[in-house]
Amino acid sequence: MREKYDKLFREESVEKNFNSSSTRHFQLSYPKGVSQNTRFKVLSILERAYADVGRKLGGVYPPDTVKVILYSAEQFTEATQLDSHVGALFDGKIRAPMTDSEGQWLEEKELSRRLIHEYVHVALRHAVGPEVPWWLNEGLAETLSRPIDGNRTELLRRAFQGSLTYPLGQLEGSQLHKLDPEALTLAYAQAHATVNLLWTKYGQRRVVPMLSDLRAGTAPEEALGRNYRKTYGVLEREVSDAYR
């Protein structure tokens, strides 16, 4: 209870003078000084994500209004107590900084990536509940918000060649937030590569029933086996082979 109280107090102290606007599916809160054009862009990005992500996940459209809060980087850190390497957050609300640690406005492409990533978490929470395995939750959020770029490809290549990656069983739980930034970067890259392979090689037709199995309480590796005929070990080797 004390932690919840402290969290609410921090958020209220940062957000008490924020303004708000809304669309059909999103309620946006933002600090003073955010232009009408920026608000329009953010809400447009989110409404497109609502349609696109929902379609790609087989018809997942959360009925409740999604609350979204924009911050400066400093406000984001103060409200969430998260370090600057965390780009955005979904904790029941989408929370995203609009500026970098030096106070510069994020480029629209980067802000869009972060917002879409967090919205995928919203959709998965609605589709499955809170027990989505971390590698699938983050892997889908990454896959549906950006391609794997050259830097991430090189990171994965070195990691797989050096046997530095994580067993998928270790990438199931939320305790991963305790990793240091470098280790967490690798975990995200591995989750991205794993889901990207499933998505591009086998398509969404198998992802959707896997989500249904997870919602019904099926263990993650069992759900993978039922829909892809693979164990974690087989999938790990298949992803590794793609980056060697």
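The values are calculated or read from the model by the stated rules, or taken from the named source; none is laboratory data. What you see is a predicted model, and the numbers here were worked out from it, not measured in a lab. Counting neighbours? That spans all protein chains shown, and the Cβs are built from the backbone with ideal geometry, glycine included. The accessibility values were calculated without ligands, DNA or RNA, using every heavy atom of the protein model including side chains. Shrake-Rupley method; radii C 1.70, N 1.55, O 1.52, S 1.80 Å.
For the range 8-24, filtered to residues that are open to solvent by 70 Å² or more (accessible area, probe 1.4 Å) and not in a loop (DSSP other than H, G, I, E, B), the residue that is modelled with the lowest pLDDT is F9.
For beta carbons closer than 6 Å, sequence separation of 6+ or different chains, a first residue in the range 123-151 that is free of Cβ contacts under 8 Å to residues at least 40 places away in the same chain and over 20 Å from V68 (Cα atoms) and a second that is in a helix (DSSP H, G or I) and open to solvent by 20 Å² or more (accessible area, probe 1.4 Å), the qualifying pairs are R146/R113. Which of the residues that make up the range 213-244 are open to solvent by 50 Å² or more (accessible area, probe 1.4 Å), in a helix (DSSP H, G or I) and touching a residue at least 12 places away in the same chain (Cβ under 8 Å)? Scanning the range 213-244 gives R215, E221, R226, E236, A242. You will find that of S145, S163, the residue that is within 26 Å of L115 (Cβ to Cβ) and of a type in the set (G, A, S) is S145 and no other. Scanning the range 186-212 for residues that are closer than 25 Å to E154 by Cβ and open to solvent by 70 Å² or more (accessible area, probe 1.4 Å) yields T200, K201.
Applying a threshold of 8 Å to beta carbon distances and a minimum spacing of six or more residues, or different chains, the list of pairs starting in the range 156-168 at a residue that is of a type in the set (D, E, K, R) and ending at one that is open to solvent by less than 60 Å² (accessible area, probe 1.4 Å) reads R157/Y243.
For the range 25-51, the set of residues classified as touching a residue at least 60 places away in the same chain (Cβ under 8 Å) and open to solvent by 50 Å² or more (accessible area, probe 1.4 Å) consists of K41 only. Could you please give the count of residues in the range 104-157 that are in a helix (DSSP H, G or I), open to solvent by less than 40 Å² (accessible area, probe 1.4 Å) and not hydrophobic (A, V, I, L, M, F, W, C)? Looking only at that region, the number is 11. Going through (1) part of a helix (DSSP H, G or I); (2) on the phi > 0 side of the Ramachandran plot one by one, G92 falls short only on (1). Filtering the range 79-97 to residues that are charged (D, E, K, R) and exposed (fewer than 15 other Cβ atoms within 10 Å of the Cβ) leaves D83, D91.
Residue pairs whose Cβ atoms lie under 7 Å apart, sitting 6 or more positions apart in sequence or on different chains, and linking a residue in the range 69-92 that is of a type in the set (D, E, K, R) to a partner that is in a helix (DSSP H, G or I) and surrounded by 17 or more Cβ atoms within 10 Å (Cβ to Cβ), are E78/V14.
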